[in-house]
Amino acid sequence: MTQPPPDAAARRAIPPVICYPTETLPQPDLDLYTRALSTAEVTATHTAAPRDACAFRVRAGQFFRIACTTGSQVGDLNLWHADDLSERFFSGKTRALHGTHVTTGDRLWSALPHLRPMATLVADSLDWYGIDAHGGAVHDVIGTRCDPYTHRLLSEGDDYHHCCHSNLTRALARATGLSCAEAEPHVHDVLNVFMCTGFTRDTSRYFMKASPARPGDHLTLFAEIDLLGALSACPGGDCSAEHSSDVAVCHPLRVDILTPDPAVLAGWGPPERSGYDRSHGL
């Protein structure tokens with residue numbers, strides 16, 4: 001390590017500046033969404049089996065609810081525009097706008113050049129958790145999803161086919177008729193539903209710990225646009241010890257599609273894509 005300069009303490013003491021001030025960010029009408037949710041009825045249900053994934057479709061103006069059923073279980077969520085796979089969830093920009101973990105009132109944003117809300121979080125049964133003594137919090141947009149390539153790298157050549165990346169690839173292939181080779185490039189960084197994560201204070205390494213989710217816990221989102229979703233029930237179970245494993249106790253996750261009374265949403269419409277002209281200065 002190099003010797004610190006004489007003004008090292010002063011350099012470290014410079015106060016931080018938020019990269020993306022959000023005072024001008026369009027805010028969701030949570031009162032409207034809450035009223036709509038109070039009228040909504042379950043019109044379809046999908047199940048992500050343990051160590052597998054399910055795909056689901058939800059129309060703009062509907063809700064989808066992800067729920068723990070028989071035990072604590074982490075899920076990896078991907079979202080795409082239902083008719084355009086190039087518009088997909090952008091975890092990095094969501095993280096930049098809302099923070100490392102999301103909860104009620106935060107939105108899931110789509111990739112460039114679209115950049116618009118895809119879904120808004122309207123109810124979170126784990127919003128009480130906050131940030132714990134280890135710096136852990138729930139529903140992260142930090143992690144990239146467990147995948148067979150990293151697993152092979154770290155396990156000296158072992159191939160494991162039920163990582164969340166592979167589960168999401170199979171689910172997307174089944175939902176679209178694409179081959180796995182065609183579907184895989186569309187699988188992207190995830191919202192880690194129910195996962196409790198953070199960064200270690202001493203080494204800044206990404207950590208996970210046992211999810212606080214229990215049967216009945218749920219996360220409910222409002223679909224801002226027509227969506228195709230895929231949810232993987234992570235092979236790490238509650239992620240208390242490891243992922244990409246057949247050892248962890250795993251449980252299914254349920255996805256309910258809820259349809260509200262359309263009269264409540266009269267006058268509401270999906271957000272427009274970004275209005276940037278894409279000239280990039282030329």
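The values are calculated or read from the model by the stated rules, or taken from the named source; none is laboratory data. All values derive from a computational prediction rather than experimental measurement. Positions of Cβ are generated from backbone atoms using ideal geometry, with glycine treated the same way; all protein chains shown enter the neighbour counts. Protein only, heavy atoms only, side chains kept; ligands, DNA and RNA dropped before computing areas. Shrake-Rupley method; radii C 1.70, N 1.55, O 1.52, S 1.80 Å.
3J(HN,Hα) along region 252-265, derived from phi through the Karplus expression 6.51 cos²θ - 1.76 cosθ + 1.60 where θ = phi - 60°, amounts to x, 10, 10, 10, 9, 9, 10, 10, x, 5, x, 4, 5, 9 Hz, with x in place of Gly and Pro. Once each of the GluC sites (Glu not before Pro) sitting in a DSSP loop with at most 10 other beta-carbon atoms within 10 Å is removed, the chain keeps 24-155 as its longest stretch.
Across region 204-211, rounded Karplus estimates of 3J(HN,Hα) from the backbone phi angles (6.51 cos²θ - 1.76 cosθ + 1.60, θ = phi - 60°) give 6, 8, 5, 10, 10, 8, 3, 5 Hz, Gly and Pro being marked x. Mind checking which of ASP76, ASP124, ASP246 has the largest fluctuation in a GNM of the chain, springs on alpha carbons under 10 Å? Sorting by GNM fluctuation, first place goes to ASP246. What does the charge count near LEU115 come to, summing +1 for each Lys or Arg and -1 for each Asp or Glu among other residues with Cβ under 12 Å from its Cβ? Spelling it out: positives minus negatives among the neighbours equals +4.
Across the chain, where is the longest run that never hits trypsin sites (Lys or Arg not before Pro) in a DSSP loop with at most 15 other C-beta atoms within 10 Å? Before the final figure, lay out the partial values.
Values: sites that count: ARG59, ARG201, ARG205, ARG273, ARG278.
Counting at most 15 other Cβ atoms within 10 Å as exposed, the longest clean stretch of the chain is 60-200.
Entry note, the chain: the mean residue ellipticity at 222 nm calculated from DSSP H runs of n ≥ 4, each adding -39500 (n - 2.57), is -4500 deg cm²/dmol after division by the residues and rounding to the nearest 500.
Any number yet on Rg/Rh for region 110-262, C-alpha, Kirkwood? Before the final figure, lay out the partial values.
Details: Rg = 16.5 Å, Rh = 17.1 Å.
We get a ratio of 0.96 for region 110-262.
Taking all protein chains in place and a 1.4 Å probe, what share, in percent, of the accessible surface of the chain do carbon and sulfur account for? If you can, show how the numbers build up before the last one.
On the way: 7760 of 14060 Å².
The C+S portion of the solvent-accessible surface of the chain is 55 percent.
Comparing PHE89, PHE222, PHE207 in a Gaussian network model of the chain, where Cα atoms under 10 Å apart are tied by springs, the biggest mean-square fluctuation is seen for PHE207. Applying a 4.7 Å Cβ-Cβ cutoff to the chain leaves CYS19, CYS54, CYS68, CYS164, CYS180, CYS196, CYS234, CYS239, CYS250 as cysteine residues with no disulfide-compatible partner. Can you list the DSSP H helices in the chain whose Cα atoms extend at least 15 Å along the helix axis and whose mean Kyte-Doolittle hydropathy is 1.6 or higher? Qualifying helices, which must be both long enough and hydrophobic enough, do not occur.
May I ask for the net charge around ALA210, where only other residues with Cβ less than 15 Å from the Cβ of ALA210 are counted and Lys, Arg are +1 while Asp, Glu are -1? Spell out each step's value before the answer.
Details: positive: LYS209, ARG214; negative: ASP132, ASP140, ASP217, ASP238, GLU242.
Overall, the nearby charge balance is -3.
Each Cα pair under 8 Å and six or more residues apart adds its sequence gap; the mean of these over the residue count of the chain is a relative contact order of 35 percent. Build a GNM of the chain with springs between Cα atoms under 10 Å apart, and of ALA175, ALA119, ALA263 the one that fluctuates most is ALA263. Charge tally around CYS163: other residues with Cβ under 13 Å, Lys/Arg +1 each, Asp/Glu -1 each, net -4. With the convex hull drawn over the C-alpha atoms of region 3-136, the volume per residue is 211 Å³. Restricting region 90-165 to chymotrypsin sites (Phe, Trp or Tyr not before Pro) that sit in a DSSP loop and have at most 11 other Cβ atoms within 10 Å of their own Cβ leaves TRP128.
Normalised size of region 51-90, defined as Cα radius of gyration per 2.2 N^0.38 Å with N residues, equals 1.38. Entry note, region 203-261: relative contact order of 29 percent, from Cα contacts under 8 Å with a spacing of 6+ residues.
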